[in-house]
Amino acid sequence: MTIDTYRQNQLFIGGEWVNPIDGEVVPSIDPSTGKEWAYAAWGGPKDIDRAVTAANEALRGPWSKFTPNDRANLLRRFASLYEKHVERLAELESRDNGLPIRDTKAGVGMHATWYNYYAGLANSIEGRQVPMDAGMHIYTTRTPVGVVGAILPWNAPLQMVVWKLAPVLATGCTIIIKTAEQTPISSYEVAKIVQEAGIPKGVVNIVTGLGPVAGAHLVSHPHVNKIAFTGEHRTAQEIMKGASANLKRLSFECGGKSPHIIFDDANLEQAMNAATHSGFTGCGQSCALGSRLIVQSTIYDKVVAELAARAQKVRIGQALDPKTQMGPHTHQEQLQKTLKYFELGQQEGAKLVTGGKRLTELGDGFFVAPTVFANVNNKMRIAQEEIFGPVVSVIPFKDEDEAVAIANDTIYGLTGALWSQNLGRAHRVAAQIEAGTVWVNTYRYLRWSVPYGGFKISGIGRENGPESLEGYLETKAVYMNLSGNYADYYAQ
Ligand code: NAI
Ligand code: MG
């Protein structure tokens, strides 16, 4: 069943649906048609204030009495309810953000596993006992960092909700989720599951709104303890400044320009499968894509020709069409950004092998053609800057050292990949790539229990896996004197 229109005139604050105080109700665009299809409430600074108050009251109220196992049970209940809503959530996601329905069904279908994994982690949070001097018992405890402001991007809204909400619930924090203004709809639907699961009021608050207004207010709010952000590194730099007043804890995931290296001893068929998928999936709007395809010169021409042939076969269409492999850009601004890089690549002297244009024959949706640039030098802007469009820059290299040098010649360090059948080389190169994730003979494999995050400007901290809990916990050391004595230092 297709959802024709959607209206959410209220914000989710303190467990209730409330009208915005200084926000407004704003239309949301369906990127497959370029037309308004839904309405969503946006919050302003006063709405953020109200959400921060609710989150603080919840933090110190009944939520603080939840044992780790209570939180685990709640996460499991939430996961099982979430599972029942996968179809609807996937459809809302595709409609609002343009990801093909086959991708959102698969992606959203895995989220319950994420929540269940964090139910397990809730019970694993422990301190340690520190052996020290006689008569002194020293131990550490882990306590929730407190109120978390989660600032989310538009490219994978529900995935970003899971990645932030699950550790919040596992650790006993509370959260204000500031969704991206372009894609508020699916997250408001999650609020209904929050209610259904009986998560205590104020633990989860969902408010969309303008980044520089609602987002910035959350960032500088004195009663928010941490910001968990996914988006552009320039925004992260602004957040760092705004968050400095009360030294908020920060975790950032800020995109990439991932090196995807193909050696001439690779299984070329499989490497091409990965190069195509990792270049064009989600219309190129993902931080982990293989946007720099770094190819050994001996097979360079063959790879370029094969990639171009495959790019031309990608089925592009409406997000809700089950046959669609690549949908539109999520919004007009991103479309314009990608079009700008189509021009720029050619001005810089790269060879446009295929694509490089908007697909107007598909209507007013924000569609572009999968694009391949050859003869790319890594110094070019199309090789250095995150385009966030379906654009693969193919860069030649001669030997292993040069491949590694090109791979690391970037401000980013989120992910990287290499294809080779030589085991020694695979380990050598994996060790040298400066990135938080390296894939060998595979691409874009992501799992709940594996840490994900960036080196360099790609971010701070890790999401997923036990490592993600670090960002949501404080450590407290308790020194307990068992001796019954405390001498008078000034006695002599
Ligand atoms: P952005 O970083 O501006 O937006 C991400 C979130 O930050 C949104 O919720 C936005 O409202 C909020 N925000 C914006 N300015 C803010 C501020 N001053 N204070 C607090 N919050 C603020 O990203 P944008 O402009 O939507 O996309 C630009 C580029 O960023 C993309 O083309 C892509 O290259 C990159 N990007 C990377 C993502 C990733 O997954 N790492 C996700 C989204 C964008
Ligand atoms: Mg921005």
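A few comments on the model shown:
- Whole-number percent relative contact order across the chain, with pairs defined as alpha carbons under 8 Å at least 6 apart: 18
- Phi to ³J(HN,Hα) by Karplus 6.51 cos²θ - 1.76 cosθ + 1.60 over the stretch 347-359, Hz, x for Gly, Pro: 4, 6, x, 6, 9, 6, 8, 7, x, x, 8, 6, 9
- Rounded tilt (10° steps) of 185-197 against the dominant C-alpha axis of the chain: 30
- The calculated FRET efficiency for LYS476 paired with ARG88, based on their beta-carbon distance and R0 = 45 Å, is about 0.60.
- Normalised contact order of the stretch 1-60, rounded percent, pairs of Cα under 8 Å and 6 or more residues apart: 34
- Measuring between alpha carbons in the structure, the pairs from LYS84/LYS313; LYS178/LYS456; LYS178/LYS337; LYS105/LYS178; LYS313/LYS398 lying more than 27 angstrom apart are LYS84/LYS313; LYS313/LYS398.
- Cut-off 12 Å between beta-carbons: net charge of the residues surrounding GLU306, Lys and Arg +1, Asp and Glu -1: +1
- Too-long pairs where the Cα-Cα distance tops 32 Å, listed order kept, from LYS46/LYS257; LYS164/LYS351; LYS46/LYS164; LYS201/LYS248: LYS46/LYS257; LYS164/LYS351
- When only Cα pairs below 8 angstrom with a gap of at least 6 residues are kept, the stretch 259-440 shows a relative contact order of 28 percent.
- The calculated FRET efficiency for the pair VAL130 and ALA245, based on their C-beta separation and a Förster distance of 25 Å, comes to about 0.15.
- Relative to the current alpha-carbon distance between ILE411 and THR360, full extension at 0.36 nm per residue lengthens the span by 14.9 nm.
- When peptides 31-41, 222-232 are sorted by average Cβ neighbour count within 10 Å, with the highest value leading, the order is 222-232, 31-41.
- Taken along the Cα-to-beta-carbon direction at a fixed 7 Å, the label points for GLN237 and ALA487 span 5.6 nm.
- Compared with the direct C-alpha span, the chain from ASN377 to ASN73 gains 104.1 nm at full extension, assuming 0.36 nm per residue.
- At full extension, ASP22 and GLU196 could sit 59.9 nm farther apart than now, given 0.36 nm per residue minus the alpha carbon distance.
- Taking only the C-alpha atoms of the stretch 259-440, the Rg (one decimal) and the largest Cα-Cα distance, Dmax (whole number), read 15.7, 50 Å.
- Protection proxy ranking of 290-302, 137-149 - average other beta-carbon atoms within 10 Å, highest first: 290-302, 137-149
- Nitroxide proxy distance, nm - points 7 Å out along Cα→Cβ at ALA309 and THR5: 4.8
- Nearest-20 debye value, the chain charge dipole, Cβ charges on Lys, Arg, Asp, Glu: 360
- Think of the stretch 259-440 as having a plus end and a minus end, set by charges on the Cβ of Lys, Arg, Asp and Glu; of ALA430, GLN347, ILE262, GLN347 sits farthest toward the positive end of this dipole.
- For the peptides 117-129, 412-424, 161-173, the ranking by mean Cβ contacts within 10 Å, running from highest to lowest, is 161-173, 412-424, 117-129.
- Degrees between helix 157-171 axis and first principal axis of the chain (Cα, 0 to 90, nearest 10): 20
- For the chain, the Kirkwood estimate of hydrodynamic radius, built from reciprocal distances between every pair of different alpha carbons, is 23.7 Å.
- Amide H contacts for MET136 (H built 1.01 Å from N in the peptide plane; partners 5 or more residues away or on another chain; cut-off under 5 Å): LEU482.
- Amide H contacts of ASP30: LYS35, GLU36, TRP37, each under 5 Å away and 5 or more positions distant or on a separate chain (H built 1.01 Å from N in the peptide plane; Pro and chain starts excluded).
FYI, it's all coordinate maths here, none of it is from the lab. These figures come from a predicted structure and were not determined experimentally. Neighbour counts are summed over all protein chains in view; Cβ atoms, including those assigned to glycine, are modelled from backbone coordinates with ideal geometry.
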